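Please read the structure below before turning to the comments.
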Amino acid sequence: MTEALAPIGTVLTRSDASAKVQGCEKYAADYYPQGMLWAGVKRSAYAHAKILRIETSKAVEVTGVAAVLTSGDIRGSNRVGVPEMDQPVLADDKVRCKGDPVVLVLAENKKALELALEKIEIDYEVLPAVFDPREALKPDAPLLYEQRPGKNLLLSGTLERGNGAASLKDCKFVVEGRFKLPWQEHAYLETEAGVAGINSEGILEITASTQTPFRDRNELSHALGLPADKIRVTAPYLGGAFGGKDGITVQGLLGLGAMHSGDRPVKMWTSREESFLSSTKRHPAELHYRLGCTQDGILLAMTCEVVLDTGAYAALGGAVLAMVLEHAAGVYRIPNVFIEGFCVYTNNSVASAFRGFGAPQGLAGIEQMIDLLADEAGIDALKFRLKNAVNRGDTTGSGVLMSNSTGIISCLKKVQRHPLWINRQDWVNNAPAFKKRGVGTAAGMQGTGYGPVILDIANAKTELLPDGRFRIYSGVADMGQGNNPTNIHIAGEILNQAPKDFELLQPDTGSCLPSGSSSASRTTFSFGNALIGACKNLKERILTRACNLMMGAYFENLLLARGKVLDMTSGREISLQAIASSMTEQERISIFSYIAPAAKHPESVNSEIRFLGFPHRIFSFACHLALVEIDELSGEIEVCDYLACTDAGRILNPQIYEQQIHGGIVQGMGYVLWEDFRIHNGDVLCRNLATYILPTAVDIPDLQSLAVETEETGPFGMKGVGEIGINLPYPAISNAVAQALGRRIYEGPLTAERVLKCLNSNPTGGKSED
Amino acid sequence: MKISFRLNEKMIEIETAPDRRVIDLLREDLGITGTKEGCGSGECGACTVLIDGVSKLSCLMLAAQLEGRSITTIEGLVQDGKLHPVQKAFVSHGAVQCGFCSPGMVMSAVDLLQRNPLPGRQEIRRAVSGNLCRCTGYQKIIDAIQSAAKELD
């Protein structure tokens, strides 16, 4: 690559790629500080039990063991979590799921650590446990939190429009469906990792694989009993996260360890098995729908009941429920609706944020219902969607006003005009022997940002360095999506500098500014807008100073060029280095705050649901098309072609845009086809990548991606593209499979086993079953 | 025990336990952390290295197996400050997102192109099917390897 400027809208190769591909980019897992101790935890053997006694003396005696710590060693509240602080760093009175951390051990090496962990004895009084969210709602169910007024119900909420369920009787066609969606494990390649130490000024420094360095600092302050200014968290590039590092993973344990390590640094890095055992998952969901339309296929009424299993701790479960409800009616105008949702504690693994954040579950439901109803009404699935899809100014069935750019109809039409759709019947008819083919489509959206109550704020900071180059202080972690390379692209555009003229500081609570989490399709939308403001201010300051220094120059005649300011009338130049040297540090640094637009909802909605994010204002949209071929002998599903048409606003960098679309689709394919994260009675049965099957390079076809570029208020007209891709493979492929089989499989993932069962139970094919 | 082997073209002699995993030897004892660990059980491919030019998983190899062999890690691919054509293609084709699988993926691709200089897309897909990537959806990785093959040919 040359050093030429790459205008916004064109490909700029990622500035992080070279170091990553050489193996020299340092991830949290790559830090091995001098004199470090290994940290590890003894986790609960029971799903629900009172801790009676912890015997650590034998562990302490193991050669090489530096400390053995329990909840009694924690000075603070020993609770982390947002918005509810309910998760202990180390379990104190009781454990609520298998995998709960109970004892922390610090040791010279991994062998001593392992041996010491084995020698810890914990006496438990086993308590009755509950593993099914519907069981957990029954009056006599065992309680995870005895004092909670809501008992095992973390959050419930309803959305009502028009006459709700009563209008179903006015519909010409009504269909019903009950869907069971599986757990999904993030399975980022870099498992939870970090290092911590107390520096010479007494500050606890933690470098961790985290999406939320600033929030972590606040939570750690509370949990460990340290003032926030005595904690510094830095977030290097993450080896993947997808929502699984949206909050504390090992940070509390690392902090605690560093406070009891005798001034030695501490490192923790979970094994794959421990990661699967202890990390959060996508909420498994049960959805029960009724959907009805008129003779002409106009949607009239919908009811939907959602039950989410949120596991043992709140984490972001409530906010995920709000998102499921918001997306449960999809992109359609439905005047009469009753949606009801329950997010329930159980003694299972914790469910929390995962790319899409509830939207994939809601859309998996509604988009299969749309196909069932279109089929019932005898209308082609895309035409049916087009009849009912929202335009800007319309309100969705969930009661969300589409106040901003709304490109779903353009997406649907683009797919409708695509040869894969036009020629679908020929393709289906040409299935080889022992194969069945089907074509499915799905449409949907993804809300961006935090919603109406919690302000979505980003604070950008940028600096003209003494040598005339620039530094960007990133406030939002980059878990792989490329927001930090994009920051360089954006700043380069505003300041008219080449990528090499920038250095980028990864998020560091010591020098960068809090800008929210790396999540919610918001990173470039919010931080990018703040960065544009900071760069524009800095540019003005530089040009103003150039006027001061170049006597007789006028602001409007000056051009900020690479490394210099040029007076276009006289041809005189002054270097940025000279300008920088005339400035104080304060002048060289520019800070700008941006608050993302939020919806002010007119209708009355449960205040908790509002607080947790309902409704959003900015949405990305998409329509997906899947062509599948099923092997009648093995039950295996092959996705032969896949098309995504996406409205994520204007495209800043086509390469990064496609990366997000491709990655989202393939993670969504895993969700619907192979990723069967099994938890039985609180026991995690998938403990490695041999039993939890991720898509590999041979499992997927080349993907096609089309864009509809509506203009929105993100940087240069963009909208978030990080999540929308994962939302539709589940329903699009399910719809394709249902067409191929002649009946629908209501429980996911659609493993070969389930397909075979379906084929064998009705070998001649037939209508859909429940 | 004392073992000696060639690491990225340099002879190394090191005192180590014979059952030390090669990945630990690299990352913890020799301090070169380009080789990643994603599973520790040979399922993800992140720890792929070349042993005498052939791709192997360093989480499944023990130190004693290195005796007298030549090992190439991701750090050994850069020659005279220049990226290997596979690395270059990964950068220019956008094959890198979080990048944690990239070193292993690149090593598998280098191994493939040594055996099969002009592989088709399906052959490339098969060759890297032991390397999991959770970010990219693989397509740009396949594009990159195909382009590197043309460049090397």
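The values are calculated or read from the model by the stated rules, or taken from the named source; none is laboratory data. Computed from a predicted structure; not experimentally measured. Backbone-built Cβ (ideal geometry, glycine too); neighbour counts: all protein chains shown.
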Practice problem: Of the conditions (1) surrounded by 21 or more Cβ atoms within 10 Å (Cβ to Cβ); (2) among the hydroxyl-bearing types (Ser, Thr, Tyr); (3) within 14 Å of another protein chain (Cβ to nearest Cβ), A:Thr710 clears all except one; give me its number. | Solution: (3)
Exercise. Considering every residue within segment A:498-514, establish whether at least one is of a type in the set (D, E, K, R), more than 26 Å from A:Ser575 (Cα to Cα), at pLDDT 95 or above and surrounded by fewer than 21 Cβ atoms within 10 Å (Cβ to Cβ).
Key: yes
Quiz prompt | Residue count, segment A:375-399 (criterion: outside any helix (DSSP H, G or I) and in contact with a Leu (Cβ under 9 Å, 6 or more places away or on another chain)) | solution = 8
Self-check item: Failed criterion for B:Gly76 (all others in (1) farther than 18 Å from A:Gln659 by Cβ; (2) within 9 Å of another protein chain (Cβ to nearest Cβ); (3) under 13 Å from the mean Cα position of the chain (by Cα) hold)
Solution: (2)
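Each row is one residue, and each column tells you yes or no for (1) closer than 30 Å to A:Tyr188 by Cβ; (2) not aliphatic (A, V, I, L, M).
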{"position": "A:Gly397", "(1), (2)": "no, yes"}
{"position": "A:Val400", "(1), (2)": "no, no"}
{"position": "A:Gly444", "(1), (2)": "yes, yes"}
{"position": "A:Tyr450", "(1), (2)": "yes, yes"}
{"position": "A:Val453", "(1), (2)": "yes, no"}
{"position": "A:Ile472", "(1), (2)": "yes, no"}
{"position": "A:Asp478", "(1), (2)": "yes, yes"}
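A quick yes/no check of all residues on (1) of a type outside the set (A, V, I, L, M, F, W, C); (2) outside any helix (DSSP H, G or I):
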site	(1), (2)
A:Leu706	no, yes
A:Glu712	yes, yes
A:Gly720	yes, yes
A:Ala732	no, no
A:Val737	no, no
A:Arg744	yes, yes
A:Pro749	yes, yes
A:Arg754	yes, no
A:Leu759	no, no
Quiz item: Restricting to segment A:674-700, what's the tally of residues that are more than 9 Å from chain B (Cβ to nearest Cβ) and either closer than 26 Å to B:Ser108 by Cα or in contact with a His (Cβ under 6 Å, 6 or more places away or on another chain) (or both)?
Solution: 6
Quiz prompt | Residue count for segment B:40-65, restricted to those that are farther than 21 Å from A:Asn109 by Cβ and either of a type outside the set (Asp, Glu) or not assigned by TED's automatic domain parsing to the domain that holds B:Lys10 (or both) | solution = 14
Practice problem: Can you give me the number of residues within segment A:382-412 that are touching a strand residue (DSSP E or B) at 6+ places or on another chain (Cβ under 9 Å), within 25 Å of A:Leu703 (Cα to Cα) and of a type outside the set (A, V, I, L, M, F, W, C)? | Solution: 4
Quiz prompt | Whichever residue in segment A:145-175 is among the basic types (Lys, Arg) and in contact with a Pro (Cβ under 9 Å, 6 or more places away or on another chain) and, among such residues, is farthest from A:Phe342 (Cα to Cα) | solution = A:Arg161
Quiz prompt | Check on A:Leu633, surrounded by fewer than 22 Cβ atoms within 10 Å (Cβ to Cβ), under 30 Å from A:Ile693 (Cβ atoms) and either out of contact with any Pro (no Cβ under 9 Å at 6 or more places or on another chain) or more than 14 Å from chain B (Cβ to nearest Cβ) (or both) | solution = yes
Quiz prompt | Of all residues in segment B:22-46 being within 11 Å of another protein chain (Cβ to nearest Cβ) and in contact with a Ser or Thr (Cβ under 7 Å, 6 or more places away or on another chain), the one that is farthest from A:Glu190 (Cα to Cα) | solution = B:Asp29
Exercise. Could you list, in sequence order, all residues of segment A:98-115 that are surrounded by fewer than 20 Cβ atoms within 10 Å (Cβ to Cβ) and either in a loop (DSSP other than H, G, I, E, B) or not assigned by TED's automatic domain parsing to the domain that holds A:Gly247 (or both)?
Key: A:Glu108, A:Asn109
Exercise. Those residues that are surrounded by fewer than 24 Cβ atoms within 10 Å (Cβ to Cβ), assigned to a helix (DSSP H, G or I), more than 7 Å from chain A (Cβ to nearest Cβ) and free of Cβ contacts under 8 Å to residues at least 60 places away in the same chain, I need them from segment B:102-139; list them, please.
Key: B:Leu112, B:Leu113, B:Arg115, B:Arg121, B:Gln122, B:Glu123, B:Ala127
Quiz item: For segment A:548-663, which strands (runs of 3 or more DSSP E) that fit wholly inside it have 3 or more residues that are in contact with a strand residue (DSSP E or B) (Cβ under 7 Å, 6 or more places away or on another chain) and modelled with pLDDT of 95 or more?
Solution: A:564-567, A:573-575, A:589-595, A:619-631, A:637-647
Exercise. Please state which one of B:Asn131, B:Asn116 is under 20 Å from B:Glu37 (Cβ atoms) and not assigned by TED's automatic domain parsing to the domain that holds B:Ala46.
Key: B:Asn131
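So that you can scan it fast, the table gives a plain yes or no per residue for (1) part of a loop (DSSP other than H, G, I, E, B); (2) within 28 Å of A:Leu189 (Cα to Cα); (3) of a type in the set (Val, Ile, Thr):
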{"residue": "A:Leu254", "(1), (2), (3)": "no, yes, no"}
{"residue": "A:Ser261", "(1), (2), (3)": "yes, no, no"}
{"residue": "A:Lys267", "(1), (2), (3)": "no, yes, no"}
{"residue": "A:Ser275", "(1), (2), (3)": "no, yes, no"}
{"residue": "A:Leu287", "(1), (2), (3)": "no, no, no"}
{"residue": "A:Gly292", "(1), (2), (3)": "no, no, no"}
{"residue": "A:Asp296", "(1), (2), (3)": "yes, no, no"}
{"residue": "A:Val306", "(1), (2), (3)": "no, no, yes"}
{"residue": "A:Asp309", "(1), (2), (3)": "no, yes, no"}
Self-check item: Residue list for segment A:116-155, filter: assigned to a strand (DSSP E or B) and touching an Asp or Glu at 6+ places or on another chain (Cβ under 7 Å)
Solution: A:Glu121, A:Leu155
Quiz item: Quick check: anything in segment A:266-281 surrounded by 23 or more Cβ atoms within 10 Å (Cβ to Cβ), within 16 Å of the chain's Cα centre (by Cα) and either within 30 Å of A:Gly378 (Cβ to Cβ) or touching a residue at least 40 places away in the same chain (Cβ under 8 Å) (or both)?
Solution: yes
Practice problem: Under 8 Å between Cβ atoms, at least 6 apart or on separate chains: pull out the pairs that start in segment A:715-726 with a residue that is at pLDDT 95 or above and end on any residue that is charged (D, E, K, R) and surrounded by fewer than 24 Cβ atoms within 10 Å (Cβ to Cβ). | Solution: A:Phe716/A:Glu493; A:Phe716/A:Arg650; A:Gly717/A:Arg650; A:Gly717/A:Glu709; A:Gly717/A:Glu711; A:Met718/A:Arg650
Quiz item: Any residue at all in segment B:47-61 that is within 11 Å of chain A (Cβ to nearest Cβ), β-branched (Val, Ile, Thr) and not in a helix (DSSP H, G or I)?
Solution: yes
Quiz item: Do you know which residues across segment A:86-113 are of a type in the set (S, T, N, Q) and either farther than 17 Å from A:Ser278 by Cβ or at pLDDT below 95 (or both)?
Solution: A:Asn109
Quiz item: If we scan segment B:142-150, do we find a residue that is hydroxyl-bearing (Ser, Thr, Tyr) and within 11 Å of chain A (Cβ to nearest Cβ)?
Solution: no
Quiz item: What number of residues in segment A:105-154 are in contact (Cβ under 8 Å) with a residue 60 or more places away in the chain, more than 14 Å from A:Tyr345 (Cα to Cα) and of a type in the set (Lys, Arg)?
Solution: 2
Quiz item: Does segment A:311-336 hold any residues that are part of a helix (DSSP H, G or I) and in contact with a Lys or Arg (Cβ under 9 Å, 6 or more places away or on another chain), and which are they?
Solution: A:Val320, A:Ala322
